[in-house]
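Working notes for the structure below.
Read-outs throughout are calculated quantities, based only on the coordinates presented, and are distinct from any laboratory measurement. Since the structure is predicted, the reported quantities are computational estimates derived from the model, not experimental observations. Note that each Cβ is placed from the backbone with ideal geometry, even for glycine, and that neighbours are counted across all protein chains shown.
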Amino acid sequence: MTGTARAFWLDSPGRGVIREVRLPEPGPDEVLVRTLFSGVSRGTETLVFGGRVPESQYGTMRAPFQEGDFPGPVKYGYLNVGVVEAGPGDLVGRTVFCLYPHQTRYVVPAAAAIPVPPDVPAGRAVLAGTVETAVNALWDAAPLVGDRIAVVGGGMVGCSVAALLARFPGVRVQLVDADPDRAEVADALGVGFASPADALGGLDLVVHASASEEGLARSMELLRPEGTVLELSWYGDRRVALPLGEAFHSRRLTLRSSQVGTVSPARAATRTYADRLALALDLLTDPALDALVTGESSFGELPDIMPELASGEIPALCHRIRYAGDDD
């Protein structure tokens, strides 16, 4: 038998525990993966930790390898990098990315373990799921050469979008955030930075990722006539007021959503989920993206770290979890 592993579970809202789980023997088309790193984003995952997933979204918000149900007990997560220990010969020994929760070892279909390019460090590859979200967002937004763009909200998703936009020729990109410490991250990504009050206006496109009502309102103010706000924030169970009065109609503004659960309609006919994730991994060859990993803890510390991430006591973008072995 493959044996056992240790997994992080949300036992109840606000309380995480590490449980021992039994692993199945891998089938002919499955792999056994030993985790090297996993990642915690302070966005969706901390909303889940706080029990703030609306009941109407329980099905939509399920992670690919989630066990249990919201609000808990539930095993949740989707940023995992490990080494294949058993499975098809061409994968054994390979470093792979998988949309799997925080667990020391696990068995999944071989198709779910996406090889990490050799020039992408395993510690950076935990960002693949979030960069994939940014790829999907930019397929939705379809920015043009020379556009004037702001990303409002310097969290993990917003910074990933800004990092990809920095590669577009002739595009002026500004990261907008109330936290002045995000200026250092913006500089590392090669984009400008401004506070909400000082942000440049007259924009063709604003990507909103602050998950705040104030951020969304400011995003709409920054647009030129007929400009677009692409909304990436997920608010959980919170209601948000929109400034649809004043000049919203006369300026013919557009507010549209983007969600990574489906491949953007702009590419759905020609790209699969696997294609999208493989592209995200290829984009992670850029060492500038290391700026998105702002902290690291051991797997055994997760029950104590998650409440601090959820409360903001640890002001992380991506907090990386390292695995020294099953006894960590």
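Helix 156-165: angle to the longest alpha-carbon principal axis of the chain, degrees 0 to 90, nearest 10?
60 degrees
Can you give me the distance in nm between label points at Glu296 and Glu85, each placed 7 Å from the Cα along the Cα-to-Cβ direction?
It is 2.1 nm.
If you find the alpha carbon centre of the stretch 11-61 and of the stretch 62-90, how far apart are they in angstrom?
Spelled out, the Cα-based centre of one part sits 6 Å from the other.
Once fully extended, how much extra length lies between Ala241 and Thr285, figured as 0.36 nm per residue of separation less the alpha-carbon to alpha-carbon distance?
Stretched out fully, the Ala241 to Thr285 stretch lengthens by 11.9 nm.
Out of the DSSP beta bridges found with both residues in the chain, what percent are antiparallel (nearest 5)?
Beta bridges within the chain, antiparallel portion: roughly 55 percent.
Which order, highest average first, do 312-322, 78-88 follow once you tally other Cβ atoms within 10 Å for each residue and take the mean per peptide?
Going by the mean number of other Cβ atoms within 10 Å, highest first, we get 78-88, 312-322.
Would you mind calculating the gained length between Arg19 and Val145 on full extension (0.36 nm times residue separation, minus the Cα-Cα distance), in nm to one decimal?
40.3 nm
Each residue of the stretch 234-248 in turn: what ³J(HN,Hα) in whole Hz from Karplus with 6.51, -1.76, 1.60 and θ = phi - 60°, glycine and Pro shown as x?
Result, ordered by residue: 10, 9, x, 9, 8, 8, 10, 8, 10, x, 9, x, 6, 9, 4 Hz.
Provide the packing ranking of 200-207, 42-49, i.e. peptides ordered by the mean count of other C-beta atoms within 10 Å per residue, highest first.
Numbers: 200-207: 20.5, 42-49: 22.2.
Ranked by mean Cβ neighbours within 10 Å, highest first: 42-49, 200-207.
Taking K and R as +1 and D and E as -1, what net charge do the other residues with C-beta under 9 Å from the C-beta of Val263 add up to?
+2
Which shape class applies to the stretch 130-257: rounded if a/c is under 1.5, otherwise prolate when a/b exceeds b/c and oblate if not, where a ≥ b ≥ c are the square roots of the Cα gyration tensor eigenvalues?
rounded
Could you derive backbone 3J(HN,Hα) for the stretch 53-60 from the dihedral phi with the Karplus parameters 6.51, -1.76 and 1.60 (θ = phi - 60°), listing whole Hz in sequence and x where the residue is Gly or Pro?
Once rounded to whole Hz, the list reads 8, x, 4, 5, 10, 4, x, 4.
About its Cα centre, how strong a charge dipole does the chain have in debye, to the nearest 20, once Lys and Arg get +1 and Asp and Glu get -1 at the Cβ? If you can, show how the numbers build up before the last one.
Numbers: 28 positive and 41 negative charges, 141 e Å.
Dipole size: approximately 680 debye.
Cβ neighbours within 10 Å, averaged per peptide: list 232-238, 158-164 in order, most packed at the top.
158-164, 232-238
From the backbone phi of the stretch 74-85, what are the Karplus-calculated ³J(HN,Hα) couplings (6.51 cos²θ - 1.76 cosθ + 1.60, θ = phi - 60°) in whole Hz, Gly and Pro given as x?
8, 9, 9, x, 7, 10, 9, 10, x, 10, 6, 9
Grab the DSSP H runs of the chain that are 4 residues or longer, score each as -39,500 (n - 2.57), total them, divide by all residues and round the 222 nm result to the nearest 500 deg cm²/dmol.
-6000 deg cm²/dmol
Express in whole angstrom the spacing between the alpha-carbon centres of the stretch 91-133 and the stretch 211-246.
Their Cα centres are 34 Å away from one another.
Name the long-range amide H neighbours of Tyr100: under 5 Å, sequence gap of 5 or more, or other chain; modelled H, no Pro or chain starts.
So Tyr100 has HN proximity to Leu79, Asn80.
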